[in-house]
1. Before I look further, what does the chain give for accessible area per residue, probe 1.4 Å, in whole square angstrom?
2. Mind giving me the FRET efficiency for ARG18 and ILE47? R0 is 25 Å, r the Cβ-Cβ distance, nearest 0.05 is fine.
3. Just subtract the alpha-carbon distance of ARG64 and TYR27 from 0.36 nm times their residue separation and send over the number in nm, one decimal.
4. Quick one: with all protein chains in place, what share of the accessible area of segment 35-102 is carbon or sulfur, to the nearest percent (1.4 Å probe)?
5. Give me the net charge of PRO50's neighbourhood, meaning all other residues with Cβ under 13 Å from the Cβ of PRO50; Lys, Arg count +1, Asp, Glu -1.
6. To the nearest µm²/s, what D does Stokes-Einstein give for the chain at 10 °C and 1.306 mPa s, using the Kirkwood radius over alpha carbon pairs as Rh?
Amino acid sequence: MVARDILDSYTDQRGKSRWVDKTPNYYRHLDFINELFASEVFYLFMIRHPLDTIASLDASPYFRESEPQDPEIASAVRRFGCSRIGWARYWSEVNETLHAFR
């Protein structure tokens, strides 16, 4: 498999036995990741406090635009709005998805 070959090669070059990816938007693709790697995946879910997440998203100038460059954030803005209530709904959606997968 191409993805695994690339990631394994990367770790081999650095003398490591494991690789980690912490891309936040992967939460929507957990079933695919599980299938891709034949369920040989260890998941570590780190849940950031919702108030910290909301404050961070609300303060970010990158997410204040009507169409942010990050497609995940742009989708959240379209669905929930660009406000603290919107960010709270987004946090809840992400964490409900993680909980269901768990």
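The values are calculated or read from the model by the stated rules, or taken from the named source; none is laboratory data. Source: prediction; values computed, not measured. FYI the Cβ positions are ideal-geometry reconstructions off the backbone, even for glycines, and counts take in every protein chain you see. Heads up: the accessible areas ignore ligands, DNA and RNA and are worked out on the full protein's heavy atoms, side chains in. Shrake-Rupley method; radii C 1.70, N 1.55, O 1.52, S 1.80 Å.
1. Computed with neighbouring chains in place, this is 77 Å² per residue.
2. Efficiency for this residue pair is about 0.70.
3. 11.1 nm
4. 57 percent
5. After counting each charged neighbour, the total is -1.
6. Translational D for this selection: 102 µm²/s.
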